[in-house]
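K.L.:
This is the structure I want to talk about, given as structure tokens.
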Amino acid sequence: QVQLVESGGGLVQAGGSLRLSCAASGRTFSSRAMGWFRQAPGKEREFVAAINIWSGGSTNYADSVKGRFTISGDNAKNTVYLQMDSLKPEDTAVYYCAAGVLTTTRAAQYYYWGQGTQVTVSS
């Protein structure tokens, strides 16, 4: 089992920045991929970014966040970060951290999930 705990969400004005953290514990060696997803009210959960923490940190981003969000990992701390810059009101959602094997965009291929952290961007 892998336990994931997100933190860092909050309220920010459009154009501002936030950094989300996801601390992993348990059998973390079994999960080489870490991803961030988000879900806005009334919408399906969507992929944001993913990183392969074993293979030199290769990353994958949704087109909607490319150039604005950066995913990174600290293996020593078993923590993954999502730096979010130039935030827009449409980025408002609950952000979830997930662990799996592949840096896929498909939520169903991630095995473990955190409880989520709310990000609200005001206009």
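The values are calculated or read from the model by the stated rules, or taken from the named source; none is laboratory data. Given the structure is predicted, the values throughout are model-derived calculations rather than measurements. Every residue, glycine among them, receives a Cβ derived from its backbone with ideal geometry; neighbour counts consider all protein chains shown. The protein model used for the area step is the full one, side chains on, heavy atoms only, and it has no ligands, DNA or RNA in it. Shrake-Rupley method; radii C 1.70, N 1.55, O 1.52, S 1.80 Å.
K.L.:
Any idea how many residues of the range 75-101 are among the acidic types (Asp, Glu) and outside any loop (DSSP other than H, G, I, E, B)?
P.N.:
Looking only at that region, the number is 2.
K.L.:
Here is a further query. Of all residues in the range 48-87, which are within 14 Å of Thr103 (Cα to Cα) and either in contact with a helix residue (DSSP H, G or I) (Cβ under 7 Å, 6 or more places away or on another chain) or acidic (Asp, Glu) (or both)?
P.N.:
Filtering the range 48-87 for residues within 14 Å of Thr103 (Cα to Cα) gives 48-62, 71-73, 80.
Ile53, the sole residue that qualifies.
K.L.:
Pairs please, first residue from the range 1-18 and free of Cβ contacts under 8 Å to residues at least 60 places away in the same chain and within 19 Å of Thr120 (Cα to Cα), second anywhere and assigned to a strand (DSSP E or B) and not aliphatic (A, V, I, L, M), Cβ atoms under 8 Å, 6+ apart in sequence or on different chains.
P.N.:
Note: no pairs meet the criteria.
K.L.:
In the range 67-123, what residues are closer than 15 Å to Ala40 by Cβ, open to solvent by less than 60 Å² (accessible area, probe 1.4 Å) and under 13 Å from the mean Cα position of the chain (by Cα)?
P.N.:
Met84, Asp91, Ala93, Val94, Tyr95, Tyr96, Ala107, Gly116, Thr117, Val119 - these are the residues of the range 67-123 that are closer than 15 Å to Ala40 by Cβ, open to solvent by less than 60 Å² (accessible area, probe 1.4 Å) and under 13 Å from the mean Cα position of the chain (by Cα).
K.L.:
I would also like to ask the following. Step by step: first the residues of the range 14-47, then only those that are of a type in the set (Ser, Thr, Tyr) and loosely packed, with under 13 Cβ neighbours inside 10 Å, then the one that is modelled with the highest pLDDT. Which residue is that?
P.N.:
Here is the first cut: in the range 14-47, the ones of a type in the set (Ser, Thr, Tyr) are 17, 21, 25, 28, 30-31.
Pick out the ones that are also loosely packed, with under 13 Cβ neighbours inside 10 Å and you get 17, 25.
Values: Ser17: 98, Ser25: 89.
So the residue we want is Ser17.
K.L.:
Within the range 48-63, track down each residue that is free of Cβ contacts under 8 Å to residues at least 40 places away in the same chain and loosely packed, with under 14 Cβ neighbours inside 10 Å. Talk me through it step by step, then tell me what you get.
P.N.:
Narrowing the range 48-63 to residues free of Cβ contacts under 8 Å to residues at least 40 places away in the same chain: 49, 53-57, 61, 63.
Once the filter is applied, which keeps residues that are free of Cβ contacts under 8 Å to residues at least 40 places away in the same chain and loosely packed, with under 14 Cβ neighbours inside 10 Å, the range 48-63 yields Ser55, Gly56, Gly57, Asp63.
K.L.:
Looking at Val80, Val94, Val101, Val119, which is the one that is among the β-branched types (Val, Ile, Thr) and farther than 26 Å from Leu11 by Cα?
P.N.:
Working: Val80 fails: farther than 26 Å from Leu11 by Cα; Val94 fails: farther than 26 Å from Leu11 by Cα; Val119 fails: farther than 26 Å from Leu11 by Cα.
Result of the check over Val80, Val94, Val101, Val119: Val101.
K.L.:
If the Cβ limit is 6 Å and pairs must be 6+ apart or interchain, which residue in the range 32-46 that is within 14 Å of Gly9 (Cβ to Cβ) and outside any strand (DSSP E or B) pairs with which residue that is open to solvent by less than 30 Å² (accessible area, probe 1.4 Å) and aliphatic (A, V, I, L, M)?
P.N.:
Going by the 6 Å Cβ cut-off, the qualifying pairs are Ala40/Ala93.
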